[in-house]
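Please read the structure below before turning to the comments.
The values are calculated or read from the model by the stated rules, or taken from the named source; none is laboratory data. Model, not experiment: these values are computed from the prediction. So basically every Cβ, Gly included, is an ideal-geometry build from the backbone, and we count neighbours across all protein chains shown. Heads up: the accessible areas ignore ligands, DNA and RNA and are worked out on the full protein's heavy atoms, side chains in. Shrake-Rupley method; radii C 1.70, N 1.55, O 1.52, S 1.80 Å.
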Amino acid sequence: AFGDAGIRTQPCEQAPMSVTLGAWESYLGKSFSGSATYETAFDCAHPAQIGACVIEIGEVQYTCEVKVNGVSVGVGLMVPYRYEVPAALLRQHNVVQLRVTNTPSNQYLCTDFFDQYQPWQLSPYYVKEKAFMQDTAGGGLIGPVKIHLYEA
């Protein structure tokens, strides 16, 4: 958040809700810059027979950390968002958490904090920075999410 004292963060805890894949603007608002955690589960009838598991996330805006059964299997900053899950992590019932974080662009573009300044007072690159921010605004897990299980 931008305030009189400058930039500060605000904790934003929301109760879990069912969502569809896509941009999260309709759920969290156009100005939201931060992280959201998506969660799903899948079952393996015989986890000891699984040799490998790969999770492909598809499109993300903009970074994604994947946890399987509470253990981080990686953070992706750009495509491909592909995570190899060690077979030892798999159980009969598995929980996958995807923590997606967008850029500060949404908050930057939606505030009127900078209106009190002339562009030259902010940065010699202010116009280009704002155009870049418009290109990187958004956020969410666009997908598709695919979980591939391979037998040992």
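Applying the criterion of being surrounded by 15 or more Cβ atoms within 10 Å (Cβ to Cβ) and out of contact with any Ser or Thr (no Cβ under 7 Å at 6 or more places or on another chain) to the residues of region 83-97, the residue that is nearest to Glu39 (Cα to Cα) is Asn94. Taken as a whole, the condition of being of a type in the set (Val, Ile, Thr), modelled with pLDDT under 90 and surrounded by 12 or more Cβ atoms within 10 Å (Cβ to Cβ) applies to Thr111. A search for C-beta distances below 6 Å between a residue of region 66-94 that is within 15 Å of Ala48 (Cβ to Cβ) and any residue that is open to solvent by 90 Å² or more (accessible area, probe 1.4 Å) and in a strand (DSSP E or B), counting only pairs 6+ apart in sequence or on different chains, returns His93/Asp43. Looking for something small (Gly, Ala, Ser), more than 22 Å from Gly29 (Cβ to Cβ) and surrounded by 16 or more Cβ atoms within 10 Å (Cβ to Cβ) - is there at least one such residue anywhere in region 129-137? No, region 129-137 contains no residue that is small (Gly, Ala, Ser), more than 22 Å from Gly29 (Cβ to Cβ) and surrounded by 16 or more Cβ atoms within 10 Å (Cβ to Cβ). Residue count for region 124-152 under the criterion of being at negative phi, among the small types (Gly, Ala, Ser), assigned to a loop (DSSP other than H, G, I, E, B) and at pLDDT 85 or above: the result is 1.
Looking only at residues in region 46-61 that are open to solvent by 60 Å² or more (accessible area, probe 1.4 Å) and in contact with a strand residue (DSSP E or B) (Cβ under 8 Å, 6 or more places away or on another chain), which one is farthest from Gln92 (Cα to Cα)?
Per the stated criteria, the residue is Glu59.
Residues in region 17-71 that are of a type in the set (Phe, Trp, Tyr) and closer than 29 Å to Tyr108 by Cα: Trp24, Tyr27, Phe32, Tyr38, Tyr62.
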